[in-house]
Amino acid sequence: MKKVVKRTLSMTMAATMALGLMVGCSSAKGEQKSESPAPQSDQKTEASGKPVTIKFWDGNWQEAVWPEVEAIWNKEHPDIKIEAEFQADLANDKYMLALKNGTAPDVLSCALDWVTTFGNAGLLAPLDEYVAKDSLDVNQFVKGANDASTVNGKLYGLPFRSETYVMFYNKDILSAAGYQTPPATWDEVKGVAAACTNGDVYGYGLCGTNYSNFSFQYITMLRSSGGDILNADNTASALGSDVAVQTAQLYKDLAAYAPASLLENDNIANRTLFASGKIAMYLSGIYDLAEIVKANPDLNFACTMVPTANGAERNTILGGWSVAVAESSKEKEAAWEFVKFLSRPDIAAIYTNTFTGTAEVAARYTDYPEEIIKPNADALQYANALPAVENIVGIRQAIMDNLQLMLSEDMSAEEASGLLDQATTKLLK
Amino acid sequence: MLRKIKRSGAGYVLPAVITVAVVMIYPLLYTLVMGFFNNTLFLEAPVFCGISQYKKLFEDKVFLGSITNTLVWTFGSVFFQFGLGFIMALILHQPFVKGKTLIRILLMIPWVTPSIIGSAVWKWMYNADYGIINFIFSSLGIIEKNQTWLSNPKIAMWSVIAVNTWKMFPFILLMIEASLQSVSKDLKEAAVIDGANVFGIFKNVTWPSIAATCYSTTLLMIIWTLNAFTFIYAMTEGGPAHKTEVMAMYIYKRAFMDYDFGIASAASAVLFALSMFVSLVYLYLTREKEGN
């Protein structure tokens, strides 16, 4: 009998542990029931005329500059206190859970495609009424940012940061290979990359991991070659098109001039390699500038706009961040005041590490050379938002998953593009 | 009945078991139920869809691959973790080993190092261009050209398993070494008097004393590893091309990239069934030996 009890207990313990495993896998709604909303006791309504406290989330790279912005806010709005919390990179899963559970902060700083997704899901508060009430001119903002933040005709965020990719190039490496000017077409890029690849110096830095970085690189190449990921009305995948196959082939061709660690390299790895003079060219945004200069102040580099192919008009992705109000916020009026404040050009210029939502360069780049800043500024006019479809994050993940097959298993560009096209079609259903 | 429970000691652990089970039971049932509902971030309410999501899952090559990857990841990790931990514990237990406390502290470093920090360090060590592992191996003439440890589909999983082994073998070592200290010296001396050699002592005295610890530690490691994906997430993101995508990673991607909680719930239920099956088979295989 003792043995039976012992065995039963062992089974029970095993079952309990396995239950623990399941709990870790439960859906957001499952967690919704088990967590209570964040305490709001310290908040006082505006109607009472007493100070209001609102909570704000942003990425941790903004933490250093926050005190300066907060000081201005406190001076202008002594009646509204901001409790800011800064999250690690790519925290969209944490944002989603908090928004779904009703535990989100009042104001969230969201990457543009997150605004699209959360707006589609009804997790953000529409701002149109507030915009109309305050007669705010949203046309002052970059069009692509407004497009990404507008879902079914409703505006869900105001941009405080906008940027697009440019090509960073090492002038010394190009010069040593016989090139005094950067390549203007993707065909030229292949030629320059081949000439620059020598020993442990590589011609081109590609992203092979991090779905966000990888997909931005591929889509930028695709758009600047005349293609796109979806059709004009965003109802069907265009990732099986001839241009998409050609772009996948371009990615594969450039991989020959990339470091062997290609599939392990994200944007930060490429930036590190570029800063240490190991790669000649790579695509990135102006946000890499300060880090490159910090890592290697003597690096002789410049930026140029993204090359094109097939005679296509230049078309890149508008990246950026907007401030949005959570639908669950109990202090929407105060939250709106903060959204307006942070997207204001003079404040955004301090807060952003790229360009403001109105395309003005960040204050921190005032002393940088024009040959670096100007291409970044000029490129913004060619930048367009990613399609405002529900599953844009999933589509970007599918781009990485399927093109990795091509890069790691010697699959043809046609086959990989076909699989990507199928995966995207499935996600659009 | 109450007397029997009291005598067995079940009453002592029952409150804890009940509390843990109650805290977990709701999410568990919710997840199992949601496996039968179409439930995405964009739907106002879940829609019942029968077993269609399970059908979709088992038609999905990536999911089927993730089951294989999960088994390789789990049994590969546990095999090496246990093997290394067991051997190290036996060596450390020997009387001729000096400075045991210092060695124990040093061996515990991987276990107490946060996984995410360990991942970052190992990722650079594995780096195909500038990693120290390629440097050492090529300096010793073991490899001719630099290897892509984390992006070669044939070796990426084993590279991550090596990191998981590094992280968790100290736990096994700790458990087995503690168990070895409880082995009766009198029995060992008696065995020596009876003419037993080293292997005879191990087989007839040491192993019976530490077997229960080994079985329960191994079971724990199996369950933890089935559910673990920190190293995979931080080092390969499931790549290259799903080659290291275990079920937990698949579930994460479906829930937080595609926002499809229905499919993620169905996949969670399959993972639950798999872990239960593995645990029960393991318990069945070890029950008689444990009894002895």
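The values are calculated or read from the model by the stated rules, or taken from the named source; none is laboratory data. Just so you know, these numbers come straight off a predicted model, no measurement behind them. Note that we place each Cβ from the backbone using ideal geometry, even for glycine, and neighbour counts take in every protein chain shown. All accessible areas refer to the heavy atoms of the entire protein, side chains included, with ligands and DNA or RNA removed. Shrake-Rupley method; radii C 1.70, N 1.55, O 1.52, S 1.80 Å.
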Next item on the list: Look at segment A:273-312 and say how many of its residues are within 13 Å of residue A:170 (Cα to Cα) and among the β-branched types (Val, Ile, Thr).
Entry: 4
Item checked: Residues within segment B:270-292 that are at pLDDT 90 or above, facing chain A (nearest Cβ under 8 Å) and either open to solvent by less than 20 Å² (accessible area, probe 1.4 Å) or closer than 17 Å to residue B:30 by Cα (or both), tallied -> 3
Item checked: Lone qualifier among B:37, B:42, B:86, B:80 - being surrounded by 17 or more Cβ atoms within 10 Å (Cβ to Cβ) and within 14 Å of chain A (Cβ to nearest Cβ) -> B:37
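Just name the residue that is most open to solvent (accessible area, probe 1.4 Å) out of those in segment B:61-77 that are of a type outside the set (S, T, N, Q) and over 25 Å from residue B:176 (Cβ atoms).
Looking only at segment B:61-77, we keep the residues that are of a type outside the set (S, T, N, Q), and these are B:61-65, B:67, B:71-73, B:75-76.
Subset that is over 25 Å from residue B:176 (Cβ atoms): B:61-65, B:67.
Details: B:61: 173, B:62: 39, B:63: 1, B:64: 71, B:65: 27, B:67: 37 Å².
So the residue we want is B:61.
If I go through segment B:1-34 residue by residue, how many of them are of a type in the set (Gly, Ala, Ser), more than 8 Å from every other protein chain (Cβ to nearest Cβ) and on the phi < 0 side of the Ramachandran plot? Full working, then the answer.
Taking segment B:1-34 first, the residues of a type in the set (Gly, Ala, Ser) are B:8-11, B:16, B:21.
The next check asks that each one be more than 8 Å from every other protein chain (Cβ to nearest Cβ); those that pass are B:9, B:11, B:16.
After this cut, where a residue has to be on the phi < 0 side of the Ramachandran plot as well, the list is B:11, B:16.
Within segment B:1-34, residues that are of a type in the set (Gly, Ala, Ser), more than 8 Å from every other protein chain (Cβ to nearest Cβ) and on the phi < 0 side of the Ramachandran plot number 2.
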Item checked: Neighbours by Cβ (under 7 Å, 6+ apart or cross-chain): first from segment A:393-404, at the interface with chain B (Cβ under 7 Å from one of its Cβ atoms); second among the acidic types (Asp, Glu) and open to solvent by 10 Å² or more (accessible area, probe 1.4 Å) -> A:393/A:113; A:394/B:258
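Do we find a residue being aromatic (Phe, Trp, Tyr), more than 19 Å from the chain's Cα centre (by Cα) and either farther than 30 Å from residue A:227 by Cα or at pLDDT below 95 (or both) anywhere in segment A:297-310? Write out each step before concluding.
Going through segment A:297-310, the residues aromatic (Phe, Trp, Tyr) turn out to be A:301.
Narrowing the set further to residues that are more than 19 Å from the chain's Cα centre (by Cα) leaves A:301.
Now narrow it down to the ones that are either farther than 30 Å from residue A:227 by Cα or at pLDDT below 95 (or both): none.
No, because not a single residue in segment A:297-310 is aromatic (Phe, Trp, Tyr), more than 19 Å from the chain's Cα centre (by Cα) and either farther than 30 Å from residue A:227 by Cα or at pLDDT below 95 (or both).
Table: residues versus (1) at pLDDT below 95; (2) within 27 Å of the chain's Cα centre (by Cα); (3) assigned to a helix (DSSP H, G or I).
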| site | (1), (2), (3) |
| --- | --- |
| B:11 | yes, no, yes |
| B:19 | yes, yes, yes |
| B:31 | yes, yes, yes |
| B:56 | yes, no, yes |
| B:83 | no, yes, yes |
Item checked: Number of the condition not met by residue A:131 [criteria: (1) touching a residue at least 40 places away in the same chain (Cβ under 8 Å); (2) over 22 Å from residue A:257 (Cβ atoms); (3) in a helix (DSSP H, G or I); (4) not polar (S, T, N, Q)] -> (1)
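Could you check how many residues of segment B:260-269 are more than 18 Å from residue B:61 (Cβ to Cβ) and within 7 Å of chain A (Cβ to nearest Cβ)? First the steps, then the outcome.
Kept after step one, since they are more than 18 Å from residue B:61 (Cβ to Cβ), are these residues of segment B:260-269: B:261-262, B:265, B:268-269.
If we keep only those that are within 7 Å of chain A (Cβ to nearest Cβ) as well, we get B:261, B:265, B:268.
Residues meeting the conditions: 3.
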Notebook entry, point to check: Within segment B:223-246, which residues are on the phi < 0 side of the Ramachandran plot and within 9 Å of chain A (Cβ to nearest Cβ)?
Noted result: B:223, B:224, B:226, B:227, B:235, B:236, B:239, B:240, B:243, B:245
Notebook entry, point to check: Which of the residues that make up segment B:45-54 are open to solvent by 40 Å² or more (accessible area, probe 1.4 Å) and in a helix (DSSP H, G or I)?
Noted result: B:52, B:54
Next item on the list: Kindly list, by first and then second residue, each pair from a residue in segment B:61-74 that is within 12 Å of residue B:250 (Cα to Cα) to a residue that is hydroxyl-bearing (Ser, Thr, Tyr) and buried (at least 16 other Cβ atoms within 10 Å of the Cβ), limited to pairs with Cβ atoms under 8 Å and residues at least 6 apart or on different chains.
Entry: B:62/B:250; B:63/B:250; B:66/B:250; B:69/B:244
Item checked: Scan of segment B:222-258 for residues that are open to solvent by 20 Å² or more (accessible area, probe 1.4 Å), closer than 14 Å to residue B:164 by Cα and touching a Gly at 6+ places or on another chain (Cβ under 7 Å), ordered by number -> B:227
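Quick grid of which residues meet (1) crowded, with 22+ Cβ neighbours inside 10 Å; (2) at pLDDT below 90; (3) within 19 Å of the chain's Cα centre (by Cα):
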| site | (1), (2), (3) |
| --- | --- |
| B:128 | yes, yes, no |
| B:132 | no, no, no |
| B:169 | yes, no, yes |
| B:184 | no, yes, no |
| B:196 | no, yes, no |
| B:204 | no, yes, no |
Next item on the list: Please determine, by comparing only the residues of segment B:259-292 that are touching a residue at least 12 places away in the same chain (Cβ under 8 Å) and of a type in the set (D, E, K, R), which one is nearest to residue A:212 (Cα to Cα).
Entry: B:260
Item checked: Matching residues in segment B:13-30 - criterion: being of a type outside the set (A, V, I, L, M, F, W, C) and open to solvent by 70 Å² or more (accessible area, probe 1.4 Å) -> B:15, B:19, B:26
Next item on the list: Just need a number here: residues in segment B:106-146 that are of a type outside the set (Ser, Thr, Tyr) and outside any loop (DSSP other than H, G, I, E, B).
Entry: 22
Checklist line | Condition broken by residue A:321, with the remaining ones in (1) in a helix (DSSP H, G or I); (2) among the hydrophobic types (A, V, I, L, M, F, W, C); (3) closer than 19 Å to residue A:60 by Cβ satisfied | finding: (1)
Check: Do the conditions hold for residue A:226, that is, is it over 25 Å from residue B:240 (Cβ atoms), of a type in the set (Gly, Ala, Ser) and open to solvent by 10 Å² or more (accessible area, probe 1.4 Å)?
Finding: yes
Notebook entry, point to check: Pick from segment A:405-428 the residues that are aliphatic (A, V, I, L, M) and within 11 Å of chain B (Cβ to nearest Cβ): which of them is farthest from residue B:150 (Cα to Cα)?
Noted result: A:427
Check: Residues that are surrounded by 21 or more Cβ atoms within 10 Å (Cβ to Cβ): which helices (runs of 4 or more DSSP H) entirely in segment A:326-387 hold 3 or more of them?
Finding: A:332-343
